[in-house]
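The values are calculated or read from the model by the stated rules, or taken from the named source; none is laboratory data. Quantities reported herein were computed from a predicted structural model and do not represent experimental measurements. We place every Cβ from the backbone using ideal geometry, glycine too, and count neighbours over all the protein chains shown. To get the accessible areas, we keep the full protein, side chains included, count just its heavy atoms, and leave off ligands, DNA and RNA. Shrake-Rupley method; radii C 1.70, N 1.55, O 1.52, S 1.80 Å.
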Amino acid sequence: MSSKTKDDAEKLTRPVSFRLTAADHAAYLAKVEASGLKPSAFFRDAVLTNKTQIVARPKASPERGRLVYLMNKTSNNINQLAHRANADHLAGVISETTYIRILAELETLAHYMVLAVKNAD
């Protein structure tokens, strides 16, 4: 027989914490209030009795991971081009029309890159 009493075994000694956005926190507190429980009791009840639904995110394929990596690198280059176009425009090196066309092309590239990543898997 264990030397611990049942009371010792049931003491709440392990803290669990997590962060929420202001909106999620308000929603959480509303649910706690509606339950009539204290926040800790509400959380324990929800988690330990599986009153939660966890939706697992699918693991990204290696191809998608590589595509995200390349997109991050390319995004940096697009940002550098945008900064250069802005500096040249402010210095009078390129016209307003050319500047606007460059930015439109860069935005189009960025848009198609995002679509490529979304459609990768």
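Relative contact order for the chain using alpha-carbon pairs under 8 Å, separation at least 6, rounded to a whole percent? Over the chain, the number comes to 22 percent.
Once the 1.4 Å probe is applied to the protein heavy atoms, the chain comes out at 88 Å² accessible per residue. Put a dot 7 Å past the Cα of residue 119, heading toward its Cβ, do the same for residue 90, and the two dots end up 3.7 nm apart. Once the Cα-Cα distance is subtracted from the 0.36 nm per residue extended length, the residue 81 to residue 63 segment shows a gain of 3.8 nm. To the nearest ten degrees, helix 96-118 and the longest principal axis of the Cα atoms of the chain are 40 degrees apart.
Potential lengthening of the chain between residue 33 and residue 11 amounts to 5.5 nm, from the contour at 0.36 nm per residue minus the alpha-carbon distance. Restricting to lysines 8 or more places apart or on different chains, can you count the pairs in the chain with Cα atoms under 21 Å from each other? Taking the chain as the scope, the lysine pair count is 5.
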